[in-house]
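The values are calculated or read from the model by the stated rules, or taken from the named source; none is laboratory data. Remember, predicted model here, so these are calculated numbers, not experimental data. With ideal geometry, Cβ positions are generated from the backbone for all residues, glycine too; neighbour counts draw on all protein chains shown. Heads up: the accessible areas ignore ligands, DNA and RNA and are worked out on the full protein's heavy atoms, side chains in. Shrake-Rupley method; radii C 1.70, N 1.55, O 1.52, S 1.80 Å.
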Amino acid sequence: MNNLISVIIVNYNGADYIGESIESVINQTYTNWEIIVLDNNSSDHSVEIIKRYPSVKLIESKINLGFAKGNNMAIREASGTYFALLNNDATAEVFWLESMAKILDHNDEYGSCGCKIISYYEQNLLDSTGLLISPSGMSRARGRNESIHDYNTSEPILIPSGCAAMYRKKALDEVGLFDEDFFCYCEDTDLGFRLQIAGWKCFYVSEAVVFHRYSSTSGKYSLFKTYLVERNHYWFVIKNYPISLVLMNPIHTIRLNFN
């Protein structure tokens, strides 16, 4: 099959790496794609760089919409059967789209695919191979800082990382897009969890590889990121957990912080 894949990149002040990200998509072995870049009112020269690529559809927002709303706006302009999300600070190896599309083409029960995300700076270490959720509702990257050789088996997982993932349009039509109240962080956890509840499975494709500059946009240890992660962690729990787990959340959170 040769379904159209809409590749969505949300950019904010990514002049140092957005060109590399776009070119990694252009050079894919899978050629039936469209690239949509949503720029979140960047103050650097990102837009000038993006405009150098005539194959890219650029949407310029007058304000910073965040990751969730930015992706949603771009997805609404997309025409693909599948939506592939790629962070502006990530670059994909050439088989990235082809490897994930094969899984969705031949397995109707899968609503999304995750991939092997490797640290751009320490390429012997993983950034993520999907997301896990603790009883407290806090999500964490599966395989973070482990060897790139430890996750060579493709297999079902819970949730893909929004850094680099593929979603089936039909699945998102059913459960909805990202919750824009999250702004950024944990919105991929929320969407993946909703897909699972609705019966859509997720598959980790080890052959689909991306290199990621972790937290280049918001800063690895920024107060902005810390606030959003903590706030959105609780919002995810309130939205999705049964009342019994919501009431137990303070206990699980304390246990997590002291383990």
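Some observations on this one:
- Region 180-189 - phi-based ³J(HN,Hα) in whole Hz, Karplus 6.51/-1.76/1.60, Gly and Pro as x: 6, 5, 6, 6, 7, 6, 6, 5, 6, 4
- Carbon plus sulfur fraction of accessible area for region 87-174, probe 1.4 Å, in percent: 47
- The order of Met138, Met166 by accessible area, most exposed first and with a 1.4 Å probe, is Met138, Met166.
- Relative contact order (percent, whole number), region 26-135, Cα cutoff 8 Å, 6+ residue spacing: 23
- Restraint check, Lys69/Lys170; Lys57/Lys239; Lys51/Lys239; Lys102/Lys225; Lys57/Lys225, Cα-Cα greater than 31 Å: Lys57/Lys239; Lys51/Lys239; Lys102/Lys225
- In the context of the full set of protein chains, the chain has a per residue accessible area of 45 Å² (1.4 Å probe).
- Rounded to whole Hz, the Karplus (6.51, -1.76, 1.60) HN-Hα couplings of region 7-16, x for glycine and proline: 8, 10, 10, 9, 10, 9, 6, x, 4, 6
- Under a 5 Å amide H cut-off, with hydrogens placed 1.01 Å from N, Ser42 pairs with Asn13 among residues at least 5 apart or on other chains.
- For the pair Val94 and Tyr121 in one chain, pulling the backbone fully straight at 0.36 nm per residue adds 7.8 nm over the alpha carbon distance.
- Considering only beta bridges that DSSP places wholly inside the chain, some 45 percent are antiparallel.
- P(r), alpha carbons of the chain - 10 Å bins starting at zero, rounded %: 7, 32, 39, 19, 3, 0
- Region 91-230, Cα convex hull volume normalised per residue, Å³: 110
- Relative to the longest principal axis of the Cα atoms of the chain, the long axis of helix 96-106 lies at roughly 70 degrees.
- Whether region 39-81 is rounded, prolate or oblate, judged on the alpha carbon gyration tensor where a/c under 1.5 counts as rounded: oblate
- Over the chain: helical MRE at 222 nm, DSSP H runs n ≥ 4 each giving -39500 (n - 2.57), nearest 500: -10500 deg cm²/dmol
- The residues packed around Ile117, meaning those with a beta-carbon under 14 Å from its beta-carbon, carry a net charge of -3 if Lys and Arg are +1 and Asp and Glu are -1.
- Sorting the segments 86-95, 46-55 by their residues' average number of neighbouring beta-carbon atoms within 10 angstrom, most packed first, yields 86-95, 46-55.
- Note that region 150-163 has calculated 3J(HN,Hα) couplings of 7, 10, 8, 9, 6, 6, x, 10, 7, 8, x, 6, x, 4 Hz, one per residue in order, obtained from phi through the Karplus relation 6.51 cos²θ - 1.76 cosθ + 1.60 (θ = phi - 60°); glycine and proline are x.
- Simple Cβ-charge dipole of the chain, Lys/Arg +1 and Asp/Glu -1, about Cα centre, in debye nearest 20: 520
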